[in-house]
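The values are calculated or read from the model by the stated rules, or taken from the named source; none is laboratory data. As the structure is a computational prediction, the values presented were derived from the model and not from experiment. With ideal geometry, Cβ positions are generated from the backbone for all residues, glycine too; neighbour counts draw on all protein chains shown.
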Amino acid sequence: MRRTPRVPGRRTVVAVALACALTATVQQQPARAEPTTLTEVRAELDRLYHDAEVATDKYNAADEKVTAQQKRVRTLTTQIGTAEKKLTRLTSLAGAAARAQYRGGGLPAEAQFVLAPNPALALDTASIARQAQQTTENVLTALTRTREELTDSKADASDELRRLTASRKARAAERKTIEKHIADARKLEALLSAQQRRDLEALEKRTAGESQDKWEQTGILKKVGDKAGAAGRKAIAFATRQLGKPYVWGAQGPSSFDCSGLTSQAWLAAGIPIPRTSQEQWRQLKHVPVEKMRPGDLIIYFSGATHVAIYIGEGQIIHAPRPGRWVTVAPAASMAILGVVRPDA
């Protein structure tokens with residue numbers, strides 16, 4: 001039988017059965033000590049879920065690049081079609097003009113000038129004809145060049161699409177990595193008794209509370225803004241409506257979300273498209289100092305920018321935590337803050 005630790009978080013031995021049963025899971029990670037206390041179990045769960053989130057971000061980023069490239073290829077294909085139609089129409093008009101000239105006599109402009117009863121009129125007519133002919137030739141040349149450039153661009157874009165598609169297929173390994181980390185974490189959680197799970201939850205809350213208290217003691221909440229912009233209010237309203245929906249990796253609604261799926265959809269609902277992944281949100285959006293953040297801003301977590309939440313004010317965030325959890329409200333400093341970005345800067 002399992003023995004429940006008397007005080008969660010102390011270095012007391014969790015059940016011998018737990019330590020033995022963990023061997024199959026943990027041995028897959030060479031040279032890692034088996035977790036034998038709730039504190040160690042929590043650290044191991046955090047590691048597994050964090051690794052899953054890192055892999056999820058890579059998978060989502062690869063998928064987003066393929067989607068964007070597919071759109072670019074479709075746009076170039078449409079532009080080529082439009083250029084082809086214009087070129088065909090102008091070529092037809094040029095041919096019709098040449099045939100009309102031929103049927104009208106077919107004399108070169110120089111001969112018409114020499115034989116005309118009114119040389120001045122013939123000169124004007126010849127000049128206009130040459131200008132028209134030159135203009136047509138210039139347009140046809142430009143269109144031909146445009147078509148060739150678009151065709152080359154499409155070929156390059158198609159090559160890039162093939163490369164990205166191959167990269168996305170290679171991310172199938174990432175998918176397996178994600179699933180493995182999540183499965184290992186769930187196996188580990190399944191080994192805990194009901195009381196141990198309650199103790200672990202209490203430990204997580206206490207640790208998050210301690211981090212939040214330490215953060216607030218710096219006086220940070222007296223500095224941060226308490227009013228969101230118009231778009232920020234819409235983003236927060238969207239995120240609030242998602243409370244209670246499950247975390248599912250790679251999901252961006254409507255029934256489930258991962259962390260960046262929630263934030264990207266919240267800001268899309270506010271009318272401002274932002275990058276799909278937390279790493280790209282950190283890289284592309286405007287950075288603001290933590291002490292100057294306001295509701296609606298996104299807080300990016302961990303050194304690799306692997307988690308993101310939306311700040312809702314009063315030191316609180318809404319985020320999709322991890323597999324097995326739901327979109328929830330949490331203390332802003334419950335995780336290691338990397339920085340803050342503002343989508344509506």
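Residues in the range 293-306 that are of a type outside the set (Lys, Arg) and modelled with pLDDT of 95 or more: Met293, Pro295, Gly296, Asp297, Leu298, Ile299, Ile300, Tyr301. Criterion applied to Asp226, Asp297, Asp258 was being acidic (Asp, Glu) and in contact with a Lys or Arg (Cβ under 6 Å, 6 or more places away or on another chain), and the one residue passing it is Asp297.
Among the residues of this structure, Gly296 does not count as one that is touching a residue at least 40 places away in the same chain (Cβ under 8 Å) and either surrounded by fewer than 22 Cβ atoms within 10 Å (Cβ to Cβ) or hydroxyl-bearing (Ser, Thr, Tyr) (or both).
Counting only helices (runs of 4 or more DSSP H) wholly contained in the range 210-298, the ones carrying 1 or more residues that are closer than 20 Å to Asp57 by Cα and among the basic types (Lys, Arg) occupy 278-284. Checked across the range 24-39, the condition of being closer than 25 Å to Ala336 by Cβ, modelled with pLDDT of 75 or more, assigned to a helix (DSSP H, G or I) and among the hydroxyl-bearing types (Ser, Thr, Tyr) holds for at least one residue. Tell me yes or no: at least one residue of the range 98-116 is assigned to a helix (DSSP H, G or I), surrounded by fewer than 17 Cβ atoms within 10 Å (Cβ to Cβ), modelled with pLDDT of 75 or more and of a type in the set (Ser, Thr, Tyr). No, that holds for no residue. Total residues in the range 299-323 satisfying the condition of being of a type in the set (Gly, Ala, Ser) and either farther than 17 Å from Ala55 by Cα or not in a loop (DSSP other than H, G, I, E, B) (or both): the figure is 3. Taking the conditions (1) in a helix (DSSP H, G or I); (2) at pLDDT 65 or above in turn, Ser127 satisfies each one other than (2). Within the range 317-329, the residues that satisfy the criterion of being surrounded by fewer than 17 Cβ atoms within 10 Å (Cβ to Cβ) and closer than 17 Å to Thr263 by Cα are Arg325, Trp326, Thr328, Val329. Taken together, Glu291, Glu280, Glu204 contain a single residue that is more than 29 Å from Glu44 (Cα to Cα) and among the charged types (D, E, K, R), which is Glu291. Scanning the range 250-289 for residues that are surrounded by 16 or more Cβ atoms within 10 Å (Cβ to Cβ), among the charged types (D, E, K, R) and more than 11 Å from the chain's Cα centre (by Cα) returns a single hit, Asp258.
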